[in-house]
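Laboratory data are not the source of any read-out in this text; all were calculated from the coordinates shown. Note that the structure is a prediction, hence the values are computed from the model and not measured.
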Amino acid sequence: MLAERPRANEVARPRELSGGAGRSVNIGLLGMGVVGTGLLRALEAKGMRLEPRMGCYVRVKSVLVRDLDKQRELQVAVGLLTTRPEDVLGDPDVDIVVEVMGGEHPALEYILAAIEAGKHVVTADKEVVARHGRQILARAHQFGVQVRFEASVAGGIPIVAPLLRDLAANEVTSIRGIVNGTTNYILTRMAQQGLELGEALAEAQSLGYAEADPAKDVEGTDAACKLSILCALALGAWVKDTEIHREGITGLERRDLEYARELGYAIKLMAAAKNVDGVVYSGVYPALVPEESAIARVDGVLNAVEVETDLAGPLLFTGQGAGPSPTASALMADIIDVTAGTRLSTKAEKKVLYDEPAKVSKVTDLEAEYYLRLAVADKPQRLTDVRRRLRDHGVETSFAMFRELPQTESRVEVVVVTRRVKLDLVQEALSSMEKAGTVLEIGNVLRVEET
Ligand code: NAP
Ligand code: HSE
């Protein structure tokens, strides 16, 4: 079991890590999967070279795993691995706990126990930060330790520190981008090599990009957790990941990607949030992105985050969003800061901690253009019928085309792009068209992203 938590009057003293070359700082690692192994390799390869920067020698004291008998890619010293959390959390010699187990529980309990034992914490776990970040940061303030989570959003891209420190003087009005490497890899392989979703996912898993449960990637929950963190950092709004409109990529067919390309778009899993008159609208959704936009060219495991600011103007951060080395880069940045005693802007941290929860809404409450793929009977008037019916429901269209379906003679597919409209109007129009038999099946409804 865990070490007993100190009571308020016996708060553990936080570790003073800065200063004093030749000192050693001990890391307790929670998890040795893709990310934990990547970090161990990076520490081995670069630890000595980074000593002057960190002002100390970093040593991994213990590593928590579930299964001691598992075959591991990296051999570690006998006795380093443990399945007992108290060997890490209750060890007074451990200065920094690096949590790379993933998930919500017991990660939360272990992080809180580490903080309460006066240890600094570095984590890559977006789920625990998104769902419990406020509580964790408040506890860290109380116990005078640092909690850093650069690796929890967009892999190797520095985005947490820039938002908290470098852009602290700016008002951010919107933030959007691609924040899941697995789904971007899948969509790229489907679009460029014609792979099926399952085949591309298997590749992403073998490259170490996917979550232990890949449903979190393809159903958009991983991206929603990252967006929740970005909303807090960029917009000062704690939007729960469950309050974010969320659609994954499992409903996409390869022909959606083909039709999109014909129309001059790529399809990307977007994560977007914007503040409109004090309300934060957010969503994770596959969208048609104009081919000429920078985001459309972000392929494979790359991620991109676009930030609109008042002083610095628009900014685009891009780089590898998953994988052992980019994630190790972000973890190492946090470890270096903690060992060197560097803090992010405390003013910005306080804003994140103590700002009122924002008024929140879903991105689907804002107007957008929509791409519709509909199966209809193969009749001469099919395009005109569909457009007229949509117009009857207040949905104007800017483009329509039809395509024959392989091995189907009685039906064809109509692809329509609407003008800007709210989603509920589109949905009303489609369900009435389905009832009337104008549409035999709704293939897909996707947002078209503005440039
Ligand atoms: P992973 O390969 O599944 O590794 C998880 C590790 O944690 C394993 O070593 C596992 O032990 C250990 N573990 C899990 N639950 C445990 C428990 N209850 N008690 C003790 N040990 C436990 O996961 P990962 O890909 O490294 O990801 C870890 C975290 O980093 C996740 O939050 C993920 O979202 C985040 N992240 C991942 C990436 C990436 O590219 N993969 C990038 C950025 C952030 P065993 O080895 O014994 O099973
Ligand atoms: N599974 C995540 C992704 C890992 O693919 O983006 C990085 O957070």
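Per the Kirkwood treatment, what hydrodynamic radius in Å, one decimal, follows for segment 43-179 from the mean inverse distance over all distinct Cα pairs?
About 16.8 Å, per the Kirkwood formula over Cα pairs.
Given all pairs of different Cα atoms, what value in angstroms does the Kirkwood hydrodynamic radius of segment 199-355 take?
Averaging 1/r across every pair of different Cα atoms and inverting gives 17.5 Å.
Just to be sure I understand: of the beta bridges DSSP finds with both ends in the chain, what percent are antiparallel, rounded to 5?
Once the DSSP bridges in the chain are tallied, antiparallel ones form about 65 percent.
Work out Dmax and Rg for the chain from the C-alpha atoms and quote the Rg first, both in angstrom.
Spelled out, the Cα radius of gyration and Dmax of the chain are 24.3, 82 Å.
Angle check, please: helix 423-436 long axis (alpha carbons) against the longest principal axis of the chain (alpha carbons), in degrees 0 to 90, nearest 10.
Helix 423-436 sits at roughly 40 degrees to that axis.
When averaged across all projection directions, what area in nm² does the alpha-carbon convex hull of segment 144-272 cover?
Seen from a random direction, the Cα hull of segment 144-272 projects 9.6 nm² on average.
Compute the whole-percent fraction of alpha carbon pairs in segment 328-451 spaced more than 21 Å apart.
More than 21 Å apart: 55 percent of the Cα pairs in segment 328-451.
On a 0 to 90° scale, report how tilted helix 382-392 is relative to the longest principal axis of the chain, with both axes built from alpha carbons and the result rounded to the nearest 10.
Computed tilt is about 70 degrees.
What is the helix-to-structure angle for 197-206, meaning the angle in degrees between its Cα long axis and the longest Cα principal axis of the chain, kept from 0 to 90 and rounded to the nearest 10?
Helix 197-206 sits at roughly 10 degrees to that axis.
What is the Cα centroid distance between segment 372-451 and segment 71-107, reported in whole angstrom?
Using only Cα atoms, the two centres lie 54 Å from each other.
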